[in-house]
Amino acid sequence: MKLIWVPFVLAVFLGCVEEKTNATTSANNNSVTTTAAASNPVANTEISATEQADKAGTLEGSVTLNIKDAKDLPKFDPIKNKDNKDVPTCHTEITDERLIVWENKDSKKFYVKNTVIIITELQKGAKGKRPKEDDKYTIDQLKCVYIPHILIARRNKKIEVTSSDEVTHNINISGKKNKSENILAGPKKSITYTPQFEEELNVLCNVHTWMKAYVVVVNNPNYATVTDDKGKFTIKDIPEGKYTLRIWHEELKELTKEIEIKADQKTELEISYELKK
Ligand SMILES: [Cu+2]
């Protein structure tokens, strides 16, 4: 078992993805059902702080890339720190986080890190677990790398971009719906940004052009998560019902998947991305 750090690839290889999923507890998922949202008179509004899920289950799964061999992984152009900018604070060798895949040698499957899983109806105000109001949403800049690479943040909540570095960074946040920010911040200086709309935001540094992170803005981060080093994810305390998952990866793009959650049960799901032939 080993981690494979994949160099950059031409987007042409990734133009189209398909899905293959197995929801073990979903016997009838042919139609898109938004039971939870439809039955809730306050759909599309913020989740009330007093609402709790009486009957809830767990979604547990993994995201794979449907390839046969590590040599089938897409090839990316390398990311470089040209001219050794701000070394030694910045690295000379840049770790490529665009497509991180772990190969399970036993199952011969390839698992994808940093894939975002969002339960869409529960982002629109359907009855759900009480939001955690004290959550902090922070990205640090450490040795000219954003940590984390993918941040799930709550709509209308402040995000802080901090810096552990003794060099100047330029924090450039942009999306399609939210306002763009482009701020030069000196050594160890932080900035704050509050997104108003749900979407994926790009975070870039114009000083260190290899620096890149994404903020995925959602209505309720309790119902969104990111796959770990082994491509696994878990979302707990999901109210019983049928839902549509939105699955997003920075290079592999977007999928949707229907699931059904039953009280006190675990729904297991494998989501598989296809590379375009
Ligand atoms: Cu920078």
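No value in this document is a laboratory result; all are computed from the given coordinates. These numbers come from a predicted model, not from an experiment. No Cβ is skipped: glycine too gets one built from the backbone with ideal geometry, and neighbour counts run over all protein chains shown.
At-a-glance table
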{"item": "Average projected area [Cα convex hull, the stretch 132-219], square nanometres", "result": "5.0 nm²"}
{"item": "Antiparallel bridge percentage (DSSP; both residues within the stretch 132-219; nearest 5)", "result": "70 percent"}
{"item": "Relative contact order computed over the stretch 132-219 (Cα-Cα under 8 Å; 6+ residues apart), in percent", "result": "33 percent"}
{"item": "About the Cα centre, charge dipole magnitude for the stretch 132-219 (Lys/Arg +1, Asp/Glu -1 at Cβ), debye", "result": "140 debye"}
{"item": "Rg and Dmax of the stretch 181-273, Cα atoms only, in Å", "result": "17.0, 51"}
{"item": "Additional length obtainable on full extension of the chain from Thr58 to Lys157, 0.36 nm per residue less Cα span", "result": "33.0 nm"}
